[in-house]
Number of protein chains: 2
Amino acid sequence: MLVFQLDSWSSKRLEQVERALERWVTADVSPGCVHAAPAALVEAMRYAVLDGGKRLRPLLVLAAHEAVAPDSSLCAEAALRAACAVELIHAYSLVHDDMPCMDNDVLRRGKPTVHVRFGEASALLAGDALQALAFELLTPEGDAVQPLLQARLCSLLARAAGSAGMAGGQAIDLASVGHTLTEAELREMHQLKTGALLQGSVMMGASCGTPDARALAALQDYGAAMGLAFQVVDDILDVIADSSTLGKTAGKDADNDKPTYVSLMGLAPSQAYAQDLLAQAHQALQRSGLANTRALAALADMVVNRAH
Amino acid sequence: MLVFQLDSWSSKRLEQVERALERWVTADVSPGCVHAAPAALVEAMRYAVLDGGKRLRPLLVLAAHEAVAPDSSLCAEAALRAACAVELIHAYSLVHDDMPCMDNDVLRRGKPTVHVRFGEASALLAGDALQALAFELLTPEGDAVQPLLQARLCSLLARAAGSAGMAGGQAIDLASVGHTLTEAELREMHQLKTGALLQGSVMMGASCGTPDARALAALQDYGAAMGLAFQVVDDILDVIADSSTLGKTAGKDADNDKPTYVSLMGLAPSQAYAQDLLAQAHQALQRSGLANTRALAALADMVVNRAH
C-alpha cells in the first residue's frame, strides 16, 4: 500500500476551494438575484475569506465526500459548494469574534482584522452577509445540486452554526470568562463552539454521497472526536506556541482568564487527552467499513500534531 | 362582496405566528441537534423576537400563500415556518442595526435595545444565532415540508438577506451617510435594505403554493412596489411622527445626515410617490389573475397609510 501524502492530496483540493471561493464571493449579480452586492461590502467579505487560513473545514468536507463516494476522483459540485459554505461560516465567525465587543483582536493570520481594516460596522455587516452567502452557495438555481441534498446541507449547516452549535458555544465561552468550569462543561462549550462546525463539515461531505447507516454513525463519531481534539490542541498551542507561529496573539486565553483544557487538566494530561481523542477518531474510521478514509485519517493526525 | 377586515384577518394569523415563534425560539434540543442552546443566548434571542412588532413580513408570507392556495383556510406548516423565518431575519437585522457601531439606538418598540439589555457581545451572538435559526426553521426533519420546497425557501431567504439583499442595502446605507444620492441610488439602497426581504416574504409565501408564471411575476411586481413604498413611508414618518408614536427615536435620519426620500424630493412629493407605488401594487395584484388577493391588497394599504 502506498503511503498517503496529505500535502499532495490537500494541495489539489485547496486549489479547487480557493478558485471556487474566488468565484463565489464576488459582487457579480448571481442567478436568483436582481441586484449586485455593493462593492465595499464585497471587498470586506473577500478580505475576510480570501486570505488563506488552513481551510481545515473544506478539506474535511471533501475528504468525507471522497470516503463515501470513492469513485469520484473530482469533487462533485455539491461537495465543493458545501466545502465553501462551511468556510464562509467559519470566516464570518472569526470576523465577529475579533470585534472589540468580543475578543477585541487586531491581528488574524498576521494581518489586521476586518474591523481594524474596514471599521466595525462593515465588519458586522460583512459577517452577516457571509453567513447568508453560505446558504446561497448551498441552494444554486438549476440542477447542479439536487433539491433533496440542498435541503439536507442547509439543515446540517444551520444547526452546526446556530444556537445549539457554534453561536451557542461562543455564548458559553463569553459567559465562562473568569469562571471555573467542570470538564463536562468545558467539553460541552468546545463541542458547540468548534466541534459542531467541524463535525458538521464531515456530515455535509458524507451527505453528498450515499453512506450506509453504519458508515454515517462512524463518521459522526469521527467528527466528534476530531472536533474536540482540535480544541484541546488549540488550548495547548495557546500556551506553548508564540504569536508569530500562531499568526494570532498567543497567551490570550490566560490573559483573558478563559477556562481551557490546560488550565483545567494541566499541559501533559491535555496532550495525552488529545492523543486519546485522535485514537478514538481512527477507531471510528475503522468501524465505518469505508475503504477510502485515508484523507480523513491524515487530517485528524494533522489536527492533533500541528504546530499552529 | 363582503368588505375585507384586515384586523380580523391579521389577528388570527398573528396568533399563529406568535405561538409558533414562542415554540421555535427556545433552548429545547431540537430534532437534528445533539446539544441544547445555552439559556442566556436563547433569552437574548427571545427578547429580540418575542416583543411584538408589526409582524408585517410574516403576514405577507401568509397572505401570499393564501393568494396562491385559496382552499387552505389554515396555514400550511411550510408557510408558517417561512413566516417565522423571515421574522427571525428581520429581528436579527434590528439587533445588529441598533448596536453602537451601527445606529447606536437604545430604544426599540419602547424597550431597551438588545445590546443595552444584554451587552454588545450577546447582542452580536443573538443576531448571528437568529439568522442561523431562520434556516433551521426552513429545514425541519421529517416530512412537514417537502425537500424541494425547503431548498426553494432557503434559496429565497438567503438571497433576500445577503449581500445582494438586506445586508447589502445596509452597507450602502452606511456608506451614504453625509452623501447626496441620486434618486436611482436611493431607490437601489432601499430596494436592497428593506425591499428585498419584503419582496422575499411575498415570494416565499407564493412558493408554498402552486402559482402559474403570470401570477408569480405579478406577485414579484407587487412585492417590489410595496417594499419600496414601505421605505418611502418610513422616511416620511421619521419626519412627521414623534418618538412615542414610532416606538423608536424619530428624526434620526436628519440627525444622522442620512439621505431619504423626504430630503431628496420633499415631503409632499414623497407622499405622492408612496401613493403611486401603492397604486402599482394594486395593479400588479389585478394582473396576477389570482382570486384571493384581498389580504395582500389590504396589507399594501396598511403599509402606505400607517401612522407608525
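The values are calculated or read from the model by the stated rules, or taken from the named source; none is laboratory data. Owing to the predicted nature of the structure, the values given are computational and were not obtained by experimental measurement. We place every Cβ from the backbone using ideal geometry, glycine too, and count neighbours over all the protein chains shown. Areas reflect the complete protein model, heavy atoms only, side chains present, ligands, DNA and RNA absent. Shrake-Rupley method; radii C 1.70, N 1.55, O 1.52, S 1.80 Å.
Overview of results
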item	result
Of all residues making up the stretch A:110-146, the number that are assigned to a helix (DSSP H, G or I), open to solvent by less than 40 Å² (accessible area, probe 1.4 Å) and out of contact with any His (no Cβ under 7 Å at 6 or more places or on another chain)	16
Matching option when the condition is assigned to a helix (DSSP H, G or I) and in contact with a Phe, Trp or Tyr (Cβ under 8 Å, 6 or more places away or on another chain), among B:G168, B:G195	B:G195
Residue in the stretch B:44-56 that is closer than 15 Å to B:G127 by Cα, surrounded by 16 or more Cβ atoms within 10 Å (Cβ to Cβ) and at pLDDT below 95 present	no
Residue within the stretch B:198-209 that is open to solvent by 20 Å² or more (accessible area, probe 1.4 Å), closer than 30 Å to B:M102 by Cα, assigned to a helix (DSSP H, G or I) and in contact with a helix residue (DSSP H, G or I) (Cβ under 7 Å, 6 or more places away or on another chain) present	yes
Considering residues of the stretch B:181-192 that are open to solvent by 40 Å² or more (accessible area, probe 1.4 Å) and assigned to a helix (DSSP H, G or I) only, the residue nearest to B:M226 (Cα to Cα)	B:Q191
Every pair of residues 6+ apart whose Cβ atoms lie under 6 Å, when the first sits in the stretch B:257-274 and is closer than 23 Å to B:V177 by Cβ while the second is small (G, A, S)	B:D257/B:G178; B:P259/B:S176; B:Y261/B:S270; B:V262/B:S270
Enumeration of residues in the stretch B:278-297 that are within 15 Å of B:Q220 (Cβ to Cβ) and either among the hydrophobic types (A, V, I, L, M, F, W, C) or crowded, with 20+ Cβ neighbours inside 10 Å (or both)	B:A281, B:A284, B:L285, B:S288, B:L290, B:T293, B:L296
Matching residues in the stretch A:259-277 - criterion: being open to solvent by 20 Å² or more (accessible area, probe 1.4 Å) and more than 13 Å from A:D234 (Cα to Cα)	A:L264, A:M265, A:G266, A:A268, A:P269, A:A272, A:Q275, A:D276
Residue list for the stretch B:140-150, filter: over 20 Å from the mean Cα position of the chain (by Cα) and at the interface with chain A (Cβ under 7 Å from one of its Cβ atoms)	B:P147, B:L148
Scope the stretch A:253-308; condition among the small types (G, A, S) and either in contact with a Pro (Cβ under 8 Å, 6 or more places away or on another chain) or part of a loop (DSSP other than H, G, I, E, B) (or both); matching residues	A:G266, A:S288, A:G289, A:A291, A:A307
Within the stretch A:185-216, considering residues that are without any contact (Cβ under 8 Å) to a residue 24 or more places away in the chain and away from chain B (no Cβ under 12 Å), the one nearest to A:L157 (Cα to Cα)	A:L216
Of all residues making up the stretch B:282-302, the number that are within 18 Å of B:L6 (Cβ to Cβ) and charged (D, E, K, R)	2
Scan of the stretch A:170-180 for residues that are more than 8 Å from chain B (Cβ to nearest Cβ) and crowded, with 20+ Cβ neighbours inside 10 Å, ordered by number	A:D173
Test set (1) more than 13 Å from chain A (Cβ to nearest Cβ); (2) free of Cβ contacts under 8 Å to residues at least 40 places away in the same chain - B:E87 fails condition number	(2)
Residues being within 7 Å of another protein chain (Cβ to nearest Cβ) and in contact with a Leu (Cβ under 6 Å, 6 or more places away or on another chain) - total across the stretch A:151-162	2
One residue from A:V106, A:V116, A:V68 being among the β-branched types (V, I, T) and within 14 Å of another protein chain (Cβ to nearest Cβ)	A:V116
